[in-house]
Amino acid sequence: MRLRRTMPLLAVLLVTVGCTSPAVEPPGLEATPTATPSVSASPTPRADGILEESDPALGVVLEGVPALTGDEADVYDTIAAYEKEYWRTMTTNSLSPGFEVLASPELQTVMERVATNNGNNGITVDGTYRVSISDVGLAGDGTATAVVCSDYLGATFADPDGTYTPAEVGFGERQRFVVTLRDAGPTWQLSTSGRDGTC
């Protein structure tokens, strides 16, 4: 099956766990994971701000990093770490072990299926993935929300039949997601992510 036929489904992509519509599976890659990811979520709130940084070697650029402290910084760090492990999974077709800490079991299942399907279909993803995280909010009941803007314009996509631009596979614009997290004991954990237009 050509990538062109499978990729338009990805317009709804990524992490639709927790939404009423079925999860749509994005593309993946051919490389092997380079290292066990480090998860920087902290067990207690801290006042020293955000710790997560861009990872050029992985191809993840965190943009517009806000000035946050305490629980809000922890929430930001959890989402940023999740986005790195998302991209690691996409570019290796192998579920990142970081998801055990960063994502709900439902989200882990979706991403494992994505990695397997992409690997089986010879779909590869590489290049640069730019992410901005904003509007971090704490609900006071052990949950939090934020907005994630995913930019695939620097990414590359291929299948056994050829290569494709981000626009050809439905990623010509920055994708906007509203994410929810829950307090999972020692860390925050991503629960759901729903597509909400473009950024």
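The values are calculated or read from the model by the stated rules, or taken from the named source; none is laboratory data. What you see is a predicted model, and the numbers here were worked out from it, not measured in a lab. FYI the Cβ positions are ideal-geometry reconstructions off the backbone, even for glycines, and counts take in every protein chain you see. Quick note on the areas: whole protein, heavy atoms, side chains included, nothing else; ligands and nucleic acids left out. Shrake-Rupley method; radii C 1.70, N 1.55, O 1.52, S 1.80 Å.
The strands (runs of 3 or more DSSP E) found wholly in region 114-199 and carrying at least 2 residues that are touching a Phe, Trp or Tyr at 6+ places or on another chain (Cβ under 7 Å) and open to solvent by 30 Å² or more (accessible area, probe 1.4 Å) occupy 188-198.
Within region 93-113, being of a type in the set (Ser, Thr, Tyr) and buried (at least 23 other Cβ atoms within 10 Å of the Cβ) holds for one residue alone: Ser96. Of all the criteria given as (1) on the phi > 0 side of the Ramachandran plot; (2) out of contact with any Leu (no Cβ under 9 Å at 6 or more places or on another chain), the one not satisfied by Gly162 is (2). Taking each residue of region 171-199 that is of a type in the set (Val, Ile, Thr) and looking for partners that are in a strand (DSSP E or B) and open to solvent by 70 Å² or more (accessible area, probe 1.4 Å) with beta-carbon atoms closer than 8 Å, six or more apart or interchain, yields Val178/Asp196. Every test in (1) touching a strand residue (DSSP E or B) at 6+ places or on another chain (Cβ under 8 Å); (2) among the polar types (S, T, N, Q); (3) more than 23 Å from Gly64 (Cβ to Cβ) is passed by Asn117 save one, and that test is (1). Number of residues in region 53-79 that are among the hydrophobic types (A, V, I, L, M, F, W, C), part of a helix (DSSP H, G or I) and without any contact (Cβ under 8 Å) to a residue 40 or more places away in the chain equals 1. Kindly indicate whether Asp135 is acidic (Asp, Glu), more than 15 Å from the chain's Cα centre (by Cα) and either at pLDDT 95 or above or closer than 16 Å to Val60 by Cβ (or both). When the stated conditions are applied, Asp135 passes them.
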